[in-house]
Amino acid sequence: MTWETIRNLVRDEWVILSLLLFWSLAGLTVICERVYALWNVLGKSEAFKLKVIAALEAGDLAKASALCETSDAPLAEVYERGLAVFRKTPQKTADATASQRAAVVLSFKRYLWALGTVGSSAPFVGLFGTVVGILKAFQSMSVAGTGGFKVVSQGIAAALVATAAGLLVAIYAVIAYNYFVSKVNGLAMQYKLYTDEFLLALGEYANTRGAGPTGGAAPVLSNASSPTLEPPKASGSV
């Protein structure tokens, strides 16, 4: 294929190629944004979790709250919500942290729908450009009254450039989408473990205090696999 043929294709199919270029730029933008947003999230969350757990084990609830307010780790939103609810209604702490964790994990998936759309639609956009190019090639031959394999093959080869461009955009978009989905799933599982550790430490903190923030009985964790905070039974005389 000569450069003249490619120039003719760009001139004739500029709408399709412009759309594929826009698709490509959109996909690259999402990839760069997600790489920046998820860069070292696990490392920062791990370091933040250790600091908060250490503060709770030392019995310093105020320090734990201060760490949540000053940290830029997404896990801080989960812990901060848990501490805020713990001060008012300790028995609802597990539910509050679970809902906030779900919201944080959902934020990790931001714009991934756009990347998936690019990966799934780009081949069809390229195929549409190819079909239009082939139709134009046959129409030109019918008008000129000339044909033959050589003329047909040149027109088809030029039109297939659109399909190749669409596949190229789709390949990197699908690979990136699958990578980010896998990474977010891993972060979601790790955040669940971090939340369970936080609830266990918070329950131990409440038990060592002997009473909850509102003056009632101290909440403890009833189940490590499905953590909920509830007041322990008072030990009375038999």
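Laboratory data are not the source of any read-out in this text; all were calculated from the coordinates shown. The structure displayed is predicted, hence computed values, not measured ones. Backbone-built Cβ (ideal geometry, glycine too); neighbour counts: all protein chains shown.
For the pair TRP113/ALA66, report the inter-label distance in nm, with labels modelled 7 Å from Cα in the Cβ direction.
Going from the TRP113 label point to the ALA66 one covers 4.2 nm.
Could you work out the local net charge near LEU115, counting Lys and Arg as +1, Asp and Glu as -1, over the other residues with Cβ closer than 14 Å to its Cβ?
Counting the neighbours of LEU115, the net charge comes to +3.
State to the nearest 20 debye the size of the charge dipole of the range 29-77 about its Cα centre, where the only charges are +1 on K and R beta carbons and -1 on D and E beta carbons.
Numbers: 5 positive and 7 negative charges, 22 e Å.
Its charge dipole is roughly 100 debye.
Working out 0.36 nm times the residue gap between GLU77 and PHE128, then minus their Cα-Cα distance, what length gain in nm do you get to one decimal?
Values: separation 51, 0.36 × 51 = 18.36 nm, distance 4.60 nm.
Extending this stretch completely gives an extra 13.8 nm.
Which value in nm describes the separation of the simple spin-label points at CYS32 and GLN91, placed 7 Å from the Cα toward the beta carbon?
Between CYS32 and GLN91, the simple spin-label model gives 5.3 nm.
Report the extension gain between SER140 and ALA102 in nm, rounded to one decimal, defined as 0.36 nm multiplied by the number of residues separating them, less their alpha carbon distance.
On the way: separation 38, 0.36 × 38 = 13.68 nm, distance 5.78 nm.
Here the segment from SER140 to ALA102 would lengthen by 7.9 nm.
When Lys and Arg each count +1 and Asp and Glu each count -1, what net charge do the other residues less than 15 Å away from ALA37, Cβ to Cβ, add up to? Could you put the intermediate results ahead of the total?
Numbers: positive: ARG34, LYS44, LYS109, ARG110, LYS183; negative: GLU33, ASP72, GLU77.
Summing Lys and Arg as +1 and Asp and Glu as -1 gives +2.
Structure shown: which of LYS44/LYS92; LYS92/LYS183; LYS109/LYS183; LYS44/LYS183; LYS51/LYS88 lie over 19 Å apart, alpha-carbon to alpha-carbon?
Details: LYS44/LYS92 27 Å; LYS92/LYS183 30 Å; LYS109/LYS183 10 Å; LYS44/LYS183 15 Å; LYS51/LYS88 23 Å.
Beyond 19 Å: LYS44/LYS92; LYS92/LYS183; LYS51/LYS88.
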